[in-house]
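The values are calculated or read from the model by the stated rules, or taken from the named source; none is laboratory data. Everything numeric in this text was worked out from a predicted model, so none of it was measured. Neighbour counts are summed over all protein chains in view; Cβ atoms, including those assigned to glycine, are modelled from backbone coordinates with ideal geometry. Side chains included, ligands, DNA and RNA excluded: accessible areas come from the protein's heavy atoms. Shrake-Rupley method; radii C 1.70, N 1.55, O 1.52, S 1.80 Å.
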Amino acid sequence: MICQECNERPATLHFTKIINGEKTEFHYCEKCAQEKGEMFMFEGEPGFSINNIIAGLLNFDPVFQQAKQGAIQKNEILQCPNCKMTFKQFVNIGRFGCSTCYETFNERLHPIIKRLHSGNIEHHGKVPKRIGGAVHIKRQIQQLKLDLQQAISHEEFEKAADIRDQVRALESSLLNDGRETS
């Protein structure tokens, strides 16, 4: 997709606005987005930034609201020892002041990240199939072992036996592949 501003470069920034069921899409390249600045104005509406969007998501998170109320009740102010940023400042700004903030606010970030990423809090990444065959098999084995534990806990022993056989087959293929490449 080409930038709708300059009509030259590929669009890397995509916005979708829906008002009264009417959908409008905006597509900008990185350079045009920077020229427009971090703030964007659409038809007289107040501007917004990515940081404001993140801060807004944090403010609507019920887990965050409970943590915020709990901190107020305890008169607790969580502050980064390195840059002195408070959690409240992070929520207002939408970004951290330094890398130590991640460690300092870690306990409060997990529920937020989990909500933003549909329950996932770990990044597994992607590996190309042609060079990551063993990695794909290991991930598949890991998932099957989780399924196996779940089947056992639900007392679905026939299903658990099938899954166990799949795990064994994958593990043996992984061992055979390792021997052939050595």
* To do: Please tell me which of these pairs span more than 31 angstrom C-alpha to C-alpha: Lys84/Lys114; Lys17/Lys145; Lys17/Lys114; Lys23/Lys88; Lys88/Lys126; Lys31/Lys126?
  => Lys17/Lys145; Lys23/Lys88; Lys88/Lys126
* How far apart, in nm, are two points set 7 Å out from the Cα along the Cα-to-Cβ line at Leu175 and at Asn92? -> 6.1 nm
* Rank these residues by their accessible area, most exposed first, probe 1.4 Å: Leu116, Leu144. => Leu116, Leu144
* **Förster radius 30 Å - calculated FRET efficiency between His154 and Ile113 (Cβ-Cβ, nearest 0.05)** => 0.55
* **Pairwise label distance in nanometres, Asn106 with Asp165, each label 7 Å out on the Cα-Cβ vector** => 4.3 nm
